[in-house]
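> Structure below; questions to follow.
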Amino acid sequence: MKKSIVVGLGNPILSDDGVGNKIAEILKIQVSSEVEVVEATLAGFNLLELLAGYDTAILVDAIQTKGGKVGDIYKLNKDDLAFSQRLASVHDINLYTAWQLGEQLGIKLPDKLVIFAIEVEDVLTFSENLTPKVEAVVPKVCEMVLNELT
Amino acid sequence: MAKYTRITIDPITRLEGHGKIEVFLDDAGNVEQAYLQIPELRGFEKFCEGRPAEEMPQITSRICGVCPEAHHLASTKALDAVWHVEPPSAAKKLRELFYNAHMLHSHIAHFYALAAPDFVVGPGADKKDRNILGVIAKVGLETGQEVIKHRSYAQKIQAMIGGKATHPSCGLPGGLSKPITEEEREKIESMALSLVDFAEVSLQIFNDVVLKNKDYVDLILSDTYSLNPYSMGMVDNNNHVNFYDGMMRITDPEGKEFVKFSAGEYNKHFAEHVEPWSYLKFPYLKNVGWKGLVDGIESGLVWVGPLGRLNAADGMATARANKAYQEMYSTLGGKPGKATLAHHWARLVELMYAAERLLELSQDPEITSTEVRAIPTETPTEGIGIVEAPRGTLMHHYVTDERGMIRKANLVVASAHGYGAMNISVDKAAKGLIKGGQVDEAAKNMIEMAFRAYDPCFGCSTHTLPGKLPLVIRVYDKTGKKLMDLEW
């Protein structure tokens, strides 16, 4: 049986930054027991440890792009990572670097990596709620993640 | 009026929180002034008001993904004070053990992923090589594997005590939620032994790569990267560095003790200054005063973080770390250390201390005691908790009603304590490195190095104006006249 993990990245108390966490929360009760669903705050080193050993990994994160439309959903792979809020979190190493590091050090990383990034509005206000346009696309993203797992 | 050209270094690479450095040039292309600016997180106090205070260690550990464990423990200590309860000795030791594991994982990540690229790969190296991959290409795959392994050990230890590594749930007013077993203790001891060896290797790498390279030593000791503010850190009864508990000690720019105070007295010693161009306030020593963004004995700005802590102490409480401490100050020309880039070295001295202290605590017979909680019996009121976060002094202050619901919450985080000093360092580096309007990639990176030495992380430090919307940031000339609005 192939092993899969879904990681919701973000800060659950910083408005839309928590969209990844919210989606992970929902997916936890929707996926089969073989799929691990977790929430994480940081990319980089931690993520490397988290993903090691899985065959498939799906990451869900918030993103803010220049001129982006709030609520847009992007499907990315590791090569176009640089812009996601959390994945580009640079206190730690970013995921792209972490991935290369993992490969260099011989860590078993997933064969399949898909990243869903949601264009968000507010990541600077302390709140446990998403803004309406972001909230509205949560079911759609959940569906996209589930499709990826089948 | 002089004409100004603006250079923006954005984003600051390898740093959390999307900081921005603005450099202002005069007619001759030399630096008039450089500023460090950061975005603002809003509404923290409002978010906390009315919540049960016991939730604060969980809430505050989510403010920032970089040092949740530091917030968790500062918050837990504030709850001890709010409920006027003294945790049992075993709980204090276990908290300290947990906390030293946190320092280890943070310092390992900073040195190898953030500091080493500038020294091991070189400050002027191509951007694509100036990262951990470039470091490993130089120091070897085996060292890379050791870095990952030991960082992971530190995480595992935190998870054993904290419930989970990144968002611990162990802290309660009066102690901890659970003790550790003998089996867990043995595992911790074995990992701690390995971490001590790893810290030794890290100091050796610094010695071989940095200290044996005269150019680097000259760079570290150069005026461009030099500063002389007050220094602050937590100390034990012997004035040795402690990260978890003790008195706050502040030494002056000549190295003499200026004041020593307990956490509860924090507000007697610190005030905050507001600048029109910054969302983040500048904490300064009340009894010295605000003199602007300048260092020296007349200015109340403090250095926190590794070099601030080591300057403010008389030594390290463990043998190998103390030896490394003495060696560092002998190269720096005595105390206080004034070299901003020596923060990296001080961080490695602390790495050794954290590993040795972890080992000591793991071998303490009391560490597996089941007496890890004193149940609070007093009415909750108000309290302050302080720990030394990897980046410096972190203060949580809560006021509750008689049911323990939060009425007021204020945090002053490490990067805020060091914000004034950081700004001066950035300004000095910019003035030293940009001449005649010439700014190449190496100069840009070397300005960032002044800043990166502090390991700042602004994700959590910007909630000091709760509820206030971002304003346009403006720049003023010396006469107070507005020169331009800055885009954000």
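> Could you tell me whether B:Gly124 is more than 24 Å from the chain's Cα centre (by Cα), of a type outside the set (D, E, K, R) and surrounded by fewer than 16 Cβ atoms within 10 Å (Cβ to Cβ)? Can you show your working first?
On the way: more than 24 Å from the chain's Cα centre (by Cα): yes; of a type outside the set (D, E, K, R): yes; surrounded by fewer than 16 Cβ atoms within 10 Å (Cβ to Cβ): yes.
When the stated conditions are applied, B:Gly124 passes them.
> Moving to a separate point now. Quick check: is even one residue across region A:84-102 at pLDDT 90 or above, more than 10 Å from chain B (Cβ to nearest Cβ) and out of contact with any Phe, Trp or Tyr (no Cβ under 9 Å at 6 or more places or on another chain)? Reasoning before the result, please.
Our first condition is that a residue be at pLDDT 90 or above; within region A:84-102, this holds for A:102.
Pick out the ones that are also more than 10 Å from chain B (Cβ to nearest Cβ) and you get none.
Among the residues of region A:84-102, not one is at pLDDT 90 or above, more than 10 Å from chain B (Cβ to nearest Cβ) and out of contact with any Phe, Trp or Tyr (no Cβ under 9 Å at 6 or more places or on another chain), which makes the answer no.
> A follow-up question, please. Only one of (1) within 14 Å of chain A (Cβ to nearest Cβ); (2) surrounded by fewer than 17 Cβ atoms within 10 Å (Cβ to Cβ) fails for B:Val147. Which number is that?
The number of the failed condition is (2).
> Within region B:228-270, can you find the residues that are assigned to a helix (DSSP H, G or I) and without any contact (Cβ under 8 Å) to a residue 24 or more places away in the chain?
Once the filter is applied, which keeps residues that are assigned to a helix (DSSP H, G or I) and without any contact (Cβ under 8 Å) to a residue 24 or more places away in the chain, region B:228-270 yields B:Glu265, B:Lys268, B:His269.
> Same structure, new question: Filter region A:6-30 down to residues that are assigned to a loop (DSSP other than H, G, I, E, B) and away from chain B (no Cβ under 14 Å), then give me how many there are.
Quick first cut of region A:6-30, residues assigned to a loop (DSSP other than H, G, I, E, B) only: A:10-13, A:29-30.
Those still in the list that are away from chain B (no Cβ under 14 Å) too: A:29-30.
Going through region A:6-30 one residue at a time, the tally reaches 2.
> Return the pairs, sorted by first residue and then second, in which the second residue is part of a loop (DSSP other than H, G, I, E, B) and of a type in the set (Phe, Trp, Tyr), the first residue lies in region B:168-196 and is touching a residue at least 60 places away in the same chain (Cβ under 8 Å) and closer than 19 Å to B:Tyr244 by Cα, the beta carbons are less than 7 Å apart, and the residues are 6+ apart or on different chains.
B:Pro173/B:Trp83; B:Gly174/B:Trp83
> Something else: Of (1) out of contact with any Phe, Trp or Tyr (no Cβ under 6 Å at 6 or more places or on another chain); (2) in contact (Cβ under 8 Å) with a residue 24 or more places away in the chain; (3) not assigned by TED's automatic domain parsing to the domain that holds B:Val23, B:Ser415 satisfies all except one. Which?
Among (1) out of contact with any Phe, Trp or Tyr (no Cβ under 6 Å at 6 or more places or on another chain); (2) in contact (Cβ under 8 Å) with a residue 24 or more places away in the chain; (3) not assigned by TED's automatic domain parsing to the domain that holds B:Val23, the lone unmet condition for B:Ser415 is (1).
> If you don't mind, there's one more thing I want to ask. When B:Ile132 is evaluated against the numbered criteria (1) facing another protein chain (nearest Cβ under 10 Å); (2) at pLDDT 90 or above; (3) crowded, with 24+ Cβ neighbours inside 10 Å, which criterion, by number, is the only one it fails?
(2)
> Ok, one more. Count, please, the residues in region A:111-150 that happen to be under 23 Å from A:Val35 (Cβ atoms) and either crowded, with 18+ Cβ neighbours inside 10 Å or under 16 Å from the mean Cα position of the chain (by Cα) (or both). Break it down stepwise before answering.
Taking region A:111-150 as the starting set, the residues that turn out to be under 23 Å from A:Val35 (Cβ atoms) are A:111-118, A:137-150.
Filter once more, keeping what is either crowded, with 18+ Cβ neighbours inside 10 Å or under 16 Å from the mean Cα position of the chain (by Cα) (or both): A:112-118, A:137-149.
Final tally of qualifying residues: 20.
To keep it simple, each residue is scored yes or no on (1) within 20 Å of A:Ile73 (Cβ to Cβ); (2) modelled with pLDDT of 95 or more.
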| residue | (1), (2) |
| --- | --- |
| A:Gly18 | yes, no |
| A:Leu27 | yes, yes |
| A:Gln30 | yes, no |
| A:Val38 | no, no |
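> While we're on this one: B:Pro336 versus (1) within 29 Å of B:Asn207 (Cα to Cα); (2) without any contact (Cβ under 8 Å) to a residue 12 or more places away in the chain: which is the lone unmet condition?
(2)
> For residues in region B:40-60 being assigned to a loop (DSSP other than H, G, I, E, B) and at pLDDT 85 or above, which is farthest from the other protein chains (Cβ to nearest Cβ)?
Selected residue: B:Gly50.
> What is the one condition in (1) touching a helix residue (DSSP H, G or I) at 6+ places or on another chain (Cβ under 9 Å); (2) surrounded by fewer than 17 Cβ atoms within 10 Å (Cβ to Cβ); (3) of a type outside the set (A, V, I, L, M, F, W, C) that B:Asp236 does not satisfy?
Of the numbered conditions (1) touching a helix residue (DSSP H, G or I) at 6+ places or on another chain (Cβ under 9 Å); (2) surrounded by fewer than 17 Cβ atoms within 10 Å (Cβ to Cβ); (3) of a type outside the set (A, V, I, L, M, F, W, C), the odd one out for B:Asp236 is (1).
The values are calculated or read from the model by the stated rules, or taken from the named source; none is laboratory data. These numbers come from a predicted model, not from an experiment. Neighbour counts are summed over all protein chains in view; Cβ atoms, including those assigned to glycine, are modelled from backbone coordinates with ideal geometry.
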